[in-house]
Amino acid sequence: MTNNDNRLAATHQPSLRSWVASANTEGCDFPIQNLPFGRFRPAGSNETARIGVAIGDQVLDLKAADLVDHDDMNRLMASSAEDRVALRAAISAGLAEGSDRQSAWEAALLAQADVDMAVPCRIGDYTDFYTGIHHATSVGKLFRPDQPLMPNYKWVPIGYHGRVSSIGVSGQRFRRPMGQTKAPDAQQPSLGPSKRLDYELELGFFVGRGNALGEPIGIDTAEQHLFGVTLLNDWSARDIQAWEYQPLGPFLAKNFATTLSPWIVTMEALAPFRAPFERAAGDPQPLPYLDAPANRERGAIDIQVEVWLQTAKMRDAGEPAVRLTRGSTTQAAYWTAAQLVTHHTVNGCNLQPGDLFGSGTLSGPEPEQAGSLLELTQGGKNPLTLPNGETRTFLEDGDALTLRGFCERNGAVRIGLGEVTGIVEPAPR
Ligand code: MN
């Protein structure tokens with residue numbers, strides 16, 4: 001093991017506890033073994049967002065704790081692997097029980113309940129991939145019954161360039177999009193509010209160090225360019241999508257809102273939860289530029305993901321959200337994050353610190369593990385019945401949709417990705 005590996009392993013010791021008592025609670029998303037990064041400002045203020053680390057139900061202000069001297073998350077994300085591990089080790093040591101930093105750092109803590117979270121960094125470019133093979137197959141069946149999975153799918157990590165301006169953080173409210181749609185039996189399209197508004201359960205991968213234009217990132221070093229992971233809801237208007245998507249792919253069906261969870265769980269925090277990347281027998285192996293021993297041994301990340309819905313009626317009645325889906329990312333993703341980095345740059349395309357990749361909808365192999373309503377309701381044909389008797393084919397105005405994620409493994413302390421909630425408002429009149 002290298003010195004870096006040793007320092008990282010020390011931050012994952014299951015016996016490690018924090019002097020921040022809430023971080024030691026069973027089932028807590030943010031124990032001392034996690035230490036995710038986000039940007040916060042005091043609730044209701046217009047201050048410049050500062051860099052913080054979540055610990056229990058608190059936020060550690062990194063500048064107030066003398067750990068950084070700036071507010072630039074992108075600069076922090078661009079630091080070297082050694083510097084990132086060194087910072088993580090310093091935060092871990094300072095927050096650990098018995099640390100002599102406790103009295104100084106108590107003044108650098110804010111309750112998460114007393115801060116507003118911002119989008120975690122400046123996002124330069126956003127690419128949404130399509131790595132969920134069960135999603136791609138189910139949706140393909142609905143859109144193209146004769147050819148569900150296109151012949152390129154098992155060879156090329158499919159993606160499209162998305163839009164950054166409409167990316168928001170958990171709590172985002174957005175209006176139901178207007179758009180052009182055409183019913184199969186209609187003579188011509190018409191403009192109106194989307195009637196088939198959906199969510200997509202995705203992970204967001206943030207790029208740390210970038211690459212120079214013209215210099216591809218090889219698969220062996222691809223992980224060094226990844227900073228960490230968030231939950232990502234790629235809201236989708238299925239009726240707009242169906243009419244517009246050929247021949248150039250998603251456009252207005254996708255770019256009206258995308259919502260992120262506020263905390264970036266770092267690749268270092270995810271180290272104990274890596275899993276082998278495997279291809280089903282009979283499937284093509286990746287081309288050599290997308291293949292490496294390390295990617296095969298631990299290229300996947302084992303994250304449990306869930307989707308929860310609370311309708312306006314449930315909220316008014318004080319009823320909790322209901323879980324629609326539970327699944328695991330390793331069962332869903334056909335490509336690893338490292339493969340996405342390498343493929344994205346193979347033509348010389350340059351990535352920059354803070355660039356965001358969406359994984360694509362992470363539906364599991366079972367119908368009830370589907371990561372979108374399009375799949376859960378078979379294209380709107382089989383409505384879901386909720387505990388209060390309401391039904392849903394697609395999202396209604398007032399619906400609050402929440403994604404949650406967490407990692408569990410024997411011998412490691414559970415860590416969470418937190419959650420991301422978005423709320424649908426009525427279309428403009
Ligand atoms: Mn998507």
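The values are calculated or read from the model by the stated rules, or taken from the named source; none is laboratory data. Everything quoted here is computed from the prediction, not taken from an experiment. All Cβ positions, even for glycine, are placed from backbone atoms using ideal geometry, and neighbour counts span all protein chains on display.
How many residues are within 19 Å of I158 (Cβ to Cβ) and touching a helix residue (DSSP H, G or I) at 6+ places or on another chain (Cβ under 8 Å) when one looks only at segment 218-235?
Number satisfying all stated conditions: 2.
Step by step: first the residues of segment 263-308, then only those that are basic (K, R) and at pLDDT 95 or above, then the one that is surrounded by the most Cβ atoms within 10 Å (Cβ to Cβ). Which residue is that?
Result: R274.
Only residues that are assigned to a loop (DSSP other than H, G, I, E, B) and either free of Cβ contacts under 8 Å to residues at least 12 places away in the same chain or assigned by TED's automatic domain parsing to the domain that holds L8 (or both): list them for segment 280-306, please.
Selection gives A280, A281, G282, Q285.
For segment 407-422, name all the residues that are in contact with a Phe, Trp or Tyr (Cβ under 8 Å, 6 or more places away or on another chain) and under 19 Å from R176 (Cβ atoms).
G422
Can you find even one residue in segment 113-129 that is at pLDDT 95 or above, surrounded by 23 or more Cβ atoms within 10 Å (Cβ to Cβ), touching a helix residue (DSSP H, G or I) at 6+ places or on another chain (Cβ under 8 Å) and more than 30 Å from K254 (Cβ to Cβ)?
No, segment 113-129 has no match at all.
Scan (1) more than 16 Å from the ligand (Cβ to nearest atom); (2) out of contact with any Lys or Arg (no Cβ under 9 Å at 6 or more places or on another chain); (3) closer than 30 Å to R175 by Cα for the single condition T345 breaks and write down its number.
So T345 meets the others, but not (3).
Just checking, which of L260, L362 is in contact with a helix residue (DSSP H, G or I) (Cβ under 8 Å, 6 or more places away or on another chain) and within 16 Å of the ligand (Cβ to nearest atom)?
Just a single option satisfies the conditions, and that option is L362.
Which condition number does S103 fail, the rest of (1) crowded, with 21+ Cβ neighbours inside 10 Å; (2) within 19 Å of S22 (Cα to Cα); (3) not hydrophobic (A, V, I, L, M, F, W, C) being met?
With (1) crowded, with 21+ Cβ neighbours inside 10 Å; (2) within 19 Å of S22 (Cα to Cα); (3) not hydrophobic (A, V, I, L, M, F, W, C) applied to S103, the lone miss is (1).
Give the residue, chosen from W308, W335, that is away from the ligand (no atom under 16 Å from the Cβ), closer than 18 Å to G371 by Cβ and aromatic (F, W, Y).
W308
Go through segment 200-249 and give me each residue that's in a loop (DSSP other than H, G, I, E, B), surrounded by fewer than 20 Cβ atoms within 10 Å (Cβ to Cβ) and within 16 Å of the ligand (Cβ to nearest atom).
Across segment 200-249, the qualifying residues are Y245, L248, G249.
Per-residue answers, yes or no, for (1) within 26 Å of L226 (Cα to Cα); (2) among the hydrophobic types (A, V, I, L, M, F, W, C):
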{"position": "A10", "(1), (2)": "yes, yes"}
{"position": "S15", "(1), (2)": "no, no"}
{"position": "A43", "(1), (2)": "no, yes"}
{"position": "V68", "(1), (2)": "yes, yes"}
{"position": "S79", "(1), (2)": "yes, no"}
{"position": "A86", "(1), (2)": "yes, yes"}
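Just checking: which of the strands (runs of 3 or more DSSP E) contained wholly in segment 1-99 hold 2 or more residues that are modelled with pLDDT of 95 or more, in the same structural domain as T266 (by TED's automatic domain parsing) and among the aromatic types (F, W, Y)?
Counting at least 2 such residues, we get no strands (runs of 3 or more DSSP E) at all.
Has segment 157-165 got at least one residue that is within 16 Å of the ligand (Cβ to nearest atom), modelled with pLDDT of 95 or more, in the same structural domain as W335 (by TED's automatic domain parsing) and charged (D, E, K, R)?
Checking segment 157-165: at least one residue is within 16 Å of the ligand (Cβ to nearest atom), modelled with pLDDT of 95 or more, in the same structural domain as W335 (by TED's automatic domain parsing) and charged (D, E, K, R).
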